[in-house]
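Here the structure comes first, spelled out in structure tokens, and everything after it is commentary.
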Amino acid sequence: MSNKKRVYSFGNKVAEGNGKMKELLGGKGANLAEMNLIGIPVPPGFTITTEVCTEFYDHGKEATVASMDAEVRAAMKKMEQTMGMEFGSNTNPLLVSVRSGARVSMPGMMDTILNLGLNDQAVEGIAKKSGNDRFAWDSYRRFVQMYGDVVLGMKPESKEDHDPFEEIIDHLKEEKGIKNDTDFTVDDLKLLVQKFKAAVKEKTGKEFPTDPWEQLAGAVCAVFESWMNPRACLYRQMHKYPAEWGTAVNVQAMVFGNMGNGSATGVAFTRDASTGENIFNGEYLINAQGEDVVAGIRTPQEVTLEGSRRWAALQGVSEDERASKYPSLEETMPTAYAELFAIQNHLETYFKDMQDIEFTIQDGKLWMLQTRSGKRTGAAMVRMAVEMCKEGLIDEPTAVLRVEPAKLDELLHPVFDKKAIGLAKVLGKGLPASPGAATGQIVFFADDAHEWAEKGHKVILVRVETSPEDLKGMNAAEGILTARGGMTSHAAVVARGMGKCCVSGVGALEINYKTRTMTIGGKEYKEGDWISLNGSTGEVYDGKVATEAAELSGDFGELMAMAAKYAKMKVRTNADTPKDAAVAFAFGAEGIGLCRTEHMFFEGDRINAVREMILADDEAGRRVALDKLLPIQREDFEGIFEAMNGYPVTVRLLDPPLHEFVPHFEKEQTELGKLLGKSVEIIKAKIENLIEVNPMLGHRGCRLGNTYPEITEMQTRAIIEAALNVTAKGVPVNIEIMVPLVGNHKEFKYQKNVIDTTAEQVFAERKKRIDYMVGTMIEVPRAAVTANEIAEFAEFFSFGTNDLTQMTLGFSRDDIAKFLPIYLEKGILKVDPFQTLDVKGVGQLLREGVFKGRSTRPELKCGICGEHGGDPASVEFCHYAGLNYVSCSPFRVPIARLAAAHAAIKQAGK
Ligand code: PEP
Ligand code: MG
């Protein structure tokens, strides 16, 4: 193994690392170092680098432990000097925490061990030194339990099995008739430690390790191992983080929030992670350790007085009751609170972002255990970015980059229909852990949530509390409801990160996993029953409640205006109706990049005229039917041109295979026969004749227009006449006629000839002209590589990356679901190529198409109208490929606009 530095010390306001070293030290390690450098009180410690994690997977446990041993011992020496304590001492033992810390935060996905260094002798030393037996034995009890679970594999395999340690605890509680852990006596705790160790011996066949150095090596390796646990792997897959990153391990001197009533521990945010409001907020527990807050075992209290009052108002708790039973930290420990308030201010100003902080107060002394940029909802993300920019904390480009484009999706999601919610029966109330509206069928297990959702059910995952194992089910559910836990519980933090509606800590909710039932509001609900959740108020409702589109805040508009200043590419929309066009226009679309005219054919009884055209015996018969379609198409185009008021509208000529329009069931075939005056046998025979082995590669696209030019004639006439009619009303039009599925420049040339000839005829008839452009889609690989030839005739290109992906990868658009999950699981594909552009393959063709097209026609306008036009990563690629615009579905327009701004800002070197 190499000589590189594996261990970085920090403490006492000095550090070997710093905040920029996230890749090597992980986010937590880098920020712990940085906090020391800016004078924040942090318990001393050291970080073992992410590179050691890679070594662990390459060379195994023994070699890794040996390679870092000297550095670890030297770093421990420094900690001992700072703390005036000794690791492994029986009289003055230094205890440590061992925590994971990847370069990005992965809340609760990996393992942590606290109070490491305890054994039967050290516990006595701690008891003597602190004068607090209860604290010493409680710490020991926790350590044996955590170490047993994480390092010695005591955690149960199945979610329905009980944790053996919890069983021992429950048993003793029952025996003694006590309810809370805090009611245990010192003798009870001693007994628990003894029983825990016996359980370890029984299950593993080995004694619980007593040597602190052995404990440390075991814990560090267990943290490395947890990098590859299934929930961490799933989390990385969901966020597209590579496994090669590895995790760092932070070993830090323990400070104790469970030393008595002068001690506490908590989690806080410098702004509200749910709404974005600029208000310090958080939760704490007196006489507790960090895991108690996060696990949601005891419901914590608010840190600030303001937060506590808001909480009481929401819960209907009187001020007197609040102040006596649930006081804030600001009230219980005013000095430590004042210091915490100043530090959170310092941290936010220093890191220039909302911080998620962990703190512990040991006997009145405040220690900061962690700071990191806090996860937040989409709405909070937008509000914070805009407000921090106005406050002068960050500049405009930074504010734009702060908002993840995909997160805007949350803002655009539905909320409850106001009328329906007025009528809905409220069953109970919990904490508004993650905003949004959700309605679905109750399931009690994460696996069920996943399975039911796969079958197309909308589900609400109901749990006493969630744990990282539930991630997959939480992801599949519409919403999450928990009986326990606060705003910083696992369920709340993870749901917020996912942008998923969550109501937590509903005290009135009783869950019975065995019978798969729950009781709330005096009513029993079974698995499969419907309930609804309001993640913004914390309310739980009976049954299904209708939803409606979200309302956008002023901050959203301001963010979009900022983004528009920086984006180079325009964003258009794919819309086939004036209504869709209007929605997209309101979201800032600057034109229609794809109007699929076949979608206009399905509505009302116009489908009959289309069927008549398709089933006609000859050209004359087709023309009769086309004459019926002409006025309908013309009217549709008029509506769209008017709605877009001079913005470009790309109208694509008829594309899909003809058999998609004809009926396939006998009843409808008979009716159609009657309508067309033909026998059902003739209709059937004609329909059979249309069936293709490979319709996606069959008689579609420009092949239709080239075999039946009268279709192109009718569509061109409808477009040009509509444009003339609209301009006559004084409304400007800007039309682009687009030919689909071209693979050979001659296919395009033929179509352009039909279009131009028809347009000239209309101009002659109406004695008026308008400008129009004729261009093509580039969606056949051959078109991309011969784009220089096509551009001799085509005035614009629009990359149809749906078909281009299908034909380049050879994956059927309609059948990919059969193998995609396995390909993703095996890592053959990183993402669905129909969602995010395959940059290496399809992207290369796109670049080539742009390059060759512009080599013939330098001013060639190029855009994209495949689904990728609304995918942030693909939009960034399009920016670098030099496209003039992207076009996507109306609700993705804001996402694409923001992604376009991100690309431009990043390219400018921000
Ligand atoms: C495409 O192929 O990318 C495209 C936009 O056309 P359609 O999805 O209608 O085939
Ligand atoms: Mg296509």
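The values are calculated or read from the model by the stated rules, or taken from the named source; none is laboratory data. Please read these numbers as outputs of a predicted model, since none were measured by experiment. So basically every Cβ, Gly included, is an ideal-geometry build from the backbone, and we count neighbours across all protein chains shown.
At-a-glance table
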read-out	value
Residues of segment 713-746 satisfying the condition of being in contact with a strand residue (DSSP E or B) (Cβ under 9 Å, 6 or more places away or on another chain), in a loop (DSSP other than H, G, I, E, B) and within 16 Å of ligand 2 (Cβ to nearest atom)	Pro740, Leu741, Val742
Which numbered condition Val151 misses (of (1) over 27 Å from Phe56 (Cα atoms); (2) out of contact with any Phe, Trp or Tyr (no Cβ under 9 Å at 6 or more places or on another chain))	(1)
Test: residue in segment 78-96 that is within 30 Å of Glu465 (Cα to Cα) and surrounded by fewer than 19 Cβ atoms within 10 Å (Cβ to Cβ)	no
Test result for Glu51, touching a residue at least 12 places away in the same chain (Cβ under 8 Å), assigned to a helix (DSSP H, G or I) and not polar (S, T, N, Q)	yes
Wholly enclosed helices (runs of 4 or more DSSP H) of segment 481-597 bearing at least 2 residues over 25 Å from Cys862 (Cα atoms) and in contact (Cβ under 8 Å) with a residue 24 or more places away in the chain	490-498, 554-566
Hey, Val831 β-branched (Val, Ile, Thr) and buried (at least 18 other Cβ atoms within 10 Å of the Cβ) or not	no
Positions within segment 143-202 being in contact (Cβ under 8 Å) with a residue 24 or more places away in the chain, among the aliphatic types (A, V, I, L, M) and closer than 25 Å to Thr299 by Cα, in sequence order	Val144, Met146, Val150, Ile168, Val186, Leu189, Leu192
The one condition in (1) modelled with pLDDT under 90; (2) more than 16 Å from ligand 2 (Cβ to nearest atom); (3) crowded, with 19+ Cβ neighbours inside 10 Å that Pro657 fails to fulfil	(2)
Looking only at segment 795-810, and only at residues there that are part of a loop (DSSP other than H, G, I, E, B) and within 16 Å of ligand 2 (Cβ to nearest atom), the one that is farthest from Pro740 (Cα to Cα)	Gly810
Filter pass, Arg813 being within 16 Å of ligand 1 (Cβ to nearest atom), part of a loop (DSSP other than H, G, I, E, B) and among the basic types (Lys, Arg)	yes
Test: Ile822 is of a type in the set (Val, Ile, Thr), out of contact with any strand residue (DSSP E or B) (no Cβ under 8 Å at 6 or more places or on another chain), under 30 Å from Ala561 (Cα atoms) and away from ligand 1 (no atom under 15 Å from the Cβ)	no
Flag if Thr577 is within 16 Å of ligand 1 (Cβ to nearest atom), surrounded by fewer than 22 Cβ atoms within 10 Å (Cβ to Cβ) and within 21 Å of Phe891 (Cα to Cα)	yes
Residues of segment 355-390 satisfying the condition of being in a loop (DSSP other than H, G, I, E, B) and either under 18 Å from the mean Cα position of the chain (by Cα) or more than 24 Å from Gly11 (Cα to Cα) (or both)	Gly374, Lys375, Arg376, Thr377
Count of segment 760-810 residues which are within 11 Å of ligand 1 (Cβ to nearest atom) and not charged (D, E, K, R)	12
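Okay, residues lined up against (1) small (Gly, Ala, Ser); (2) within 26 Å of Gly863 (Cα to Cα); (3) in a helix (DSSP H, G or I):
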{"residue": "Val649", "(1), (2), (3)": "no, yes, no"}
{"residue": "Pro656", "(1), (2), (3)": "no, yes, no"}
{"residue": "His659", "(1), (2), (3)": "no, no, yes"}
{"residue": "Lys674", "(1), (2), (3)": "no, no, yes"}
{"residue": "Ile683", "(1), (2), (3)": "no, no, yes"}
{"residue": "Asn689", "(1), (2), (3)": "no, no, yes"}
{"residue": "Arg703", "(1), (2), (3)": "no, yes, yes"}
{"residue": "Asn706", "(1), (2), (3)": "no, yes, yes"}
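Residue-wise test of (1) outside any loop (DSSP other than H, G, I, E, B); (2) hydroxyl-bearing (Ser, Thr, Tyr); (3) within 16 Å of ligand 2 (Cβ to nearest atom).
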{"position": "Val754", "(1), (2), (3)": "yes, no, no"}
{"position": "Phe763", "(1), (2), (3)": "yes, no, no"}
{"position": "Tyr823", "(1), (2), (3)": "yes, yes, no"}
{"position": "Lys830", "(1), (2), (3)": "no, no, no"}
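Listed here are the residues, each with its yes/no results for (1) within 16 Å of ligand 2 (Cβ to nearest atom); (2) out of contact with any Leu (no Cβ under 8 Å at 6 or more places or on another chain).
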position	(1), (2)
Phe665	no, yes
Gln669	no, yes
Gly698	yes, yes
Gly705	yes, no
